[in-house]
Amino acid sequence: MWVLVADLLVIAAYLPALWLGRVPQPLNLDGELNVGAWWASGKLLLGAALVLLAGRSRAPEGPVRSAFYLAFSFGLLFLSLDENLGIHEQITAWTQRSGAGLPLIAGRHGAWIAVYGATAVVLALIFLKDILAMLRTDAVSSAMVGFGLSAVIAGGVVVEIMGYYAFFQNPLMQVAIEEALELFGWSLLLAGLYRHFLRHAF
């Protein structure tokens, strides 16, 4: 519950920007090096630790391989770093400079979406057996993680693409919706991981 309260406080601190047209940098949710990015990064880091500990606590003969836990933990750790370093935006900038051929949305945005999407699909195929086993053995936690990731994708990909095509009259509104979905999505994912950890650690 306290995690959701913190999410609401982060969003509430940004809302005055919708009327004032500006917000101090630490409270500005657009980009990196702000409270929202730090908070999301911390949740992802905690999630990575929970996944790693759950993997170490699993029964050796369990249906979900330790490699799945390790890969999932590493993925969350990478996303935690991305929240602060803006790795995905650097991929787009590099694509524009080098002409690498990665697909760009609206001519100059979102090269990272193809990279991250392809990586996610490949990993999902590699660990499909483990994902299905997780759904069978811990359906509730898996659903929480799945809905959390869906909210993150809705905010970080769908809403962002809508912004590329100027769907929102007020860009600050786009940022508020995008970041709210991401923050709440990461919180739901974290809650699912915590529940799964408790089932395996005790």
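Any read-out appearing in this document is the output of simple, stated calculations on the displayed coordinates, not a laboratory observation. Since the model is a prediction, treat every value here as computed from it, not as a measurement. A quick note on method: Cβ atoms are made from the backbone with ideal geometry, for glycine too, and the neighbour counts reach across all protein chains shown.
Within 15 Å, Cβ to Cβ, of residue 133, how many net charges do the neighbouring residues add up to if Lys/Arg are +1 and Asp/Glu are -1?
Value of the local net charge: +2.
What FRET efficiency, computed as 1/(1 + (r/R0)^6) with R0 = 45 Å and r the Cβ-Cβ distance, is obtained for residue 105 and residue 56, rounded to the nearest 0.05?
With a Förster radius of 45 Å, E is 0.65.
If you take the Cα Rg of segment 1-83 and divide it by 2.2 N^0.38 Å, with N the number of residues, what do you get? All intermediate terms of the calculation are to be shown ahead of the outcome.
Working: Rg = 17.0 Å, N = 83, 2.2 N^0.38 = 11.8 Å.
So segment 1-83 has a normalised radius of gyration of 1.44.
Once each part is reduced to its C-alpha centroid, what is the distance from segment 23-71 to segment 77-121 in angstrom?
First find each Cα centre; the distance between them is then 20 Å.
Ranking 194, 165 by Cβ neighbours within 10 Å, fewest first, what do you get?
Numbers: 194 17, 165 10.
The fewest-first ordering by Cβ neighbours comes to 165, 194.
Helix-derived [θ] at 222 nm for the chain: sum -39500 (n - 2.57) over DSSP H runs of at least 4, divide by residue count, nearest 500? Show your work: numbers first, answer last.
Values: 10 runs with 149 residues, N = 202.
It lands at -24000 deg cm²/dmol.
Just the ratio, please: alpha-carbon radius of gyration of the chain over 2.2 N^0.38 Å, N its number of residues. Write down the numbers at each step before the final one.
Numbers: Rg = 17.9 Å, N = 202, 2.2 N^0.38 = 16.5 Å.
Here the answer is 1.08, to two decimals.
For a footprinting-style exposure proxy, rank 95, 119, 137 by other Cβ within 10 Å, fewest first.
119, 137, 95
So what is the relative contact order of segment 2-201, in percent, for Cα pairs below 8 Å that sit 6 or more residues apart?
Relative contact order of segment 2-201: 27 percent.
Whole number please: convex hull volume per residue, Cα atoms of segment 119-193, in Å³.
In segment 119-193, the Cα convex hull volume per residue is 81 Å³.
What is the sum of charges around residue 15, taking Lys and Arg as +1, Asp and Glu as -1, for the other residues whose C-beta is under 15 Å from the C-beta of residue 15?
The answer is -3.
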